[in-house]
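Participant: Below: one structure in structure tokens.
The values are calculated or read from the model by the stated rules, or taken from the named source; none is laboratory data. These figures come from a predicted structure and were not determined experimentally. Here Cβ is always computed from backbone atoms with ideal geometry, including for glycine, and neighbour counts include all displayed protein chains.
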Amino acid sequence: MRIEHALGRTITEADNVLFCALTMNAQPLHLHFAAQTQFGARIVHGLFTPGLAVGLTVADLTAGMIIANLGYDNVRHPRPMFHGDTLYMMTSEVLSKRDSRSNPGAGVVRLRHIGRNQRSEVVIGFERTALFRRRNAHSAN
């Protein structure tokens, strides 16, 4: 199964600085040093990008169905994101699914997410494993 996502979000300098402050990660690469590297400008924090990418999939993929994210694997940043770039979470693909061994009302789903910038360049790719409620499961609450 492949899901195409239409949402995108432009990343501002304030987003990046706030994320660095909230995570106590004052790495100069994200705040000022990157402007003196081959990038020529400050780059968006690498952990902010997959977080935003997951957020862009919620409406199409997980709203009201996900119980927990179990893991993230194979995270790749083939190109950096810069202030003013827009991240589009273009596609999510179901790689596998199985019944949960510990939760009979749930299943474990492995997904691959690919995000692109406004120039359609891949800027983030990763796999995610999540625990989902089964469609026919009754709420425990």
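Participant: Where the second residue is of a type in the set (Phe, Trp, Tyr) and the first is within 16 Å of Leu131 (Cβ to Cβ) and lies in segment 50-64, which pairs have Cβ atoms under 8 Å and are six or more apart or on separate chains?
Facilitator: Taking only residues 6 or more apart or on different chains, the pairs are Thr62/Phe132.
Participant: Being loosely packed, with under 12 Cβ neighbours inside 10 Å and at pLDDT below 90 is the requirement here; does Gly71 meet it?
Facilitator: Values: loosely packed, with under 12 Cβ neighbours inside 10 Å: yes; at pLDDT below 90: no.
Criteria not met by Gly71.
Participant: So how many residues does segment 9-46 have that are in a strand (DSSP E or B) and either at pLDDT below 80 or buried (at least 17 other Cβ atoms within 10 Å of the Cβ) (or both)? Break it down into steps so the answer makes sense when it comes.
Facilitator: Here is the first cut: in segment 9-46, the ones in a strand (DSSP E or B) are 9-10, 43.
Still in the running and either at pLDDT below 80 or buried (at least 17 other Cβ atoms within 10 Å of the Cβ) (or both): 43.
The number of residues fulfilling the criteria is 1.
Participant: Out of (1) under 13 Å from Ile3 (Cβ atoms); (2) modelled with pLDDT under 90; (3) surrounded by 12 or more Cβ atoms within 10 Å (Cβ to Cβ); (4) not charged (D, E, K, R), what's the single condition that is false for Ala59?
Facilitator: That leaves (3) as the condition not met.
Participant: I need every pair where a residue in segment 3-19 that is at negative phi has its Cβ under 8 Å from the Cβ of a residue that is modelled with pLDDT of 95 or more and among the small types (Gly, Ala, Ser), sequence separation at least 6 or different chains.
Facilitator: Cβ pairs passing all conditions: Thr10/Gly84; Ile11/Gly84; Thr12/Gly84.
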